Amino acid sequence: MTMWAWVLVSCATAYAIKLAGYALPKAVLDRPVIHRTASALTVGLLASLVVTNTLTTGQHLVLDSRLLALAVAAVALWRKLPFIIVVILGAVAAALGRLAGLP
Amino acid sequence: MSLAETFRTWRASPAWRMGMSIGAATGLYGPSFGALAVSSGLSVWQACALSALMFTGGSQFAFAGVLGGGGTGLAAWSAASLLSVRNGIYGLEMKAMLRPPTPVIPAMAQITIDESMGTSSAQTDPVEQRRGFVTAGIAVYVLWNLGTLLGALLGQAIGDPKAFGLDGAASAAFIGLLWPRLKGRDPIALAVIAAATTIIVVPFVPPGVPILIAAAVTTVATLVQQRRRP
């Protein structure tokens, strides 16, 4: 499939999931396992995305300026800075790391 | 009540103010998605299509993040779709809370995201809950899409993702999305399990797949724990 097809199929899936929420019976809400599983899924996916976007290139684990960016971002989040500042600081940290000669 | 009066009443409400400020804050980081999407190999219009049609930030970042790491379209679709499962739960909650008439549900569904659900649930009065949902949903929609276009054009101008540390911005964006969910011991433990699983499986499976394995492991861990501690 072309990239456009994946983009559109993914958009359609996301909409179908949103719509499905309105179609499901209310009783589903009374089962705490549903809530727990949905939030665990979200945490698991995001944590994994942090790792793949920071430590991997293809199928290899690599340490480079992105780890510096992650550390700076974590400190910024801990200091309760807004999301956009966190992202900008991450970019600046990676750029400075490379300027300083890190991979 | 005339349209102008209705609008004035809305604008004076706390839900309007909260929705608009959340819209502004989200709009501000729209450019970071646009730039990352383009640096992951998507075109400017594909980035814009994701914001207009998928319209759920975390999944959009995931879609671009998987592709940027060399993952296939299938892996990107899977990660983005799994990450949007929570919107289904929000839909269920919003339907119970706001009791919308059936004809507006298709439009409501599209703006059912973290921000609209959050703004709505933060209100106590039922009228305010509806206003909060609509205001945040529409404000985020408009500004997020504008931001995406700006960022995508910027990303196209920059070109190489390593220039200006755009790859570092991706790491920062994902931990920024994760951070607010790490309240309490359980989510932190789950995040550690997911991270460790990812590191272990990365060398053995194609890019993008580790994310799906980590998601499966986290889900199983939650279900097992749930059984032990009802």
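The values are calculated or read from the model by the stated rules, or taken from the named source; none is laboratory data. All values derive from a computational prediction rather than experimental measurement. Here the Cβ is made from the backbone with ideal geometry for all residues, glycine too, and neighbour counts use every protein chain on show. To get the accessible areas, we keep the full protein, side chains included, count just its heavy atoms, and leave off ligands, DNA and RNA. Shrake-Rupley method; radii C 1.70, N 1.55, O 1.52, S 1.80 Å.
Points to keep in mind about this one:
- Cβ-Cβ FRET estimate between B:V220 and A:R79, R0 fixed at 35 Å, reported to 0.05: 0.50
- Net length available on complete extension from A:I34 to A:L99 is 18.7 nm, with 0.36 nm assigned per residue and the Cα-Cα distance removed.
- The amide H of A:T56, built 1.01 Å from its N in the peptide plane, has A:V62 as neighbours under 5 Å, considering only residues 5 or more places off or on other chains.
- Total accessible surface hidden between B and A, rounded to 100 Å², 1.4 Å probe: 6600
- Counting all C-alpha pairs of the protein assembly as shown, share separated by more than 24 Å (%): 54
- Computed from backbone phi, the HN-Hα couplings of segment A:47-62 come to 4, 5, 5, 4, 5, 5, 7, 9, 10, 10, 10, x, 9, 10, 8, 9 Hz, rounded to whole numbers (Karplus: 6.51 cos²θ - 1.76 cosθ + 1.60, θ = phi - 60°; Gly and Pro given as x).
- Estimated 222 nm signal from helices in chain B, with DSSP H stretches of n ≥ 4 weighted -39500 (n - 2.57), rounded to 500: -25000 deg cm²/dmol
- Average beta carbon contacts from partner chains per residue of B:181-192, 10 Å cutoff: 3
- Set of lysines with alpha-carbon distance to B:K183 below 20 Å, sequence-local pairs under 8 removed: A:K80
- Solvent-accessible area assigned to carbon and sulfur over segment A:32-103 amounts to 75 percent, based on a 1.4 Å probe.
- Set of aspartates and glutamates near B:K95 by C-alpha distance (under 17 Å), chain-local residues within fewer than 8 positions excluded: A:D30, B:D114, B:E115, B:D125, B:E128
- In chain A, the longest principal axis of the Cα atoms and the axis of helix A:3-23 are about 50 degrees apart.
- Normalised by residue number, the volume inside the convex hull of the Cα atoms of segment B:111-230 is 157 Å³ per residue.
- Chain B - percent relative contact order, Cα under 8 Å, separation 6 or more: 32
- Segment B:1-119, accessible surface, carbon-and-sulfur percent (1.4 angstrom probe): 70
- Solvent-accessible area per residue, Å², over chain A with all protein chains present [probe radius 1.4 Å]: 49
- Charge dipole (segment B:36-169, unit charges on Cβ, about Cα centre) - positive-most of B:T148, B:Q46, B:T135: B:T135
- Qualifying aspartates and glutamates (Cα of each under 15 Å from Cα of A:K26; at least 8 residues distant if same chain): B:E93
- In this Cβ point-charge picture (+1 for Lys and Arg, -1 for Asp and Glu), chain A has a dipole of about 260 debye about its Cα centre.
- Over all Cα atoms in chain B, the spread is summed up by Rg and Dmax: 19.1, 64 Å.
- At least 27 Å along the helix axis (C-alpha) and Kyte average at least 0.0, DSSP helices within chain B: B:14-39, B:126-158, B:209-228
- Principal axis dimensions, chain A - Cα atoms, whole angstrom, descending: 57, 40, 25
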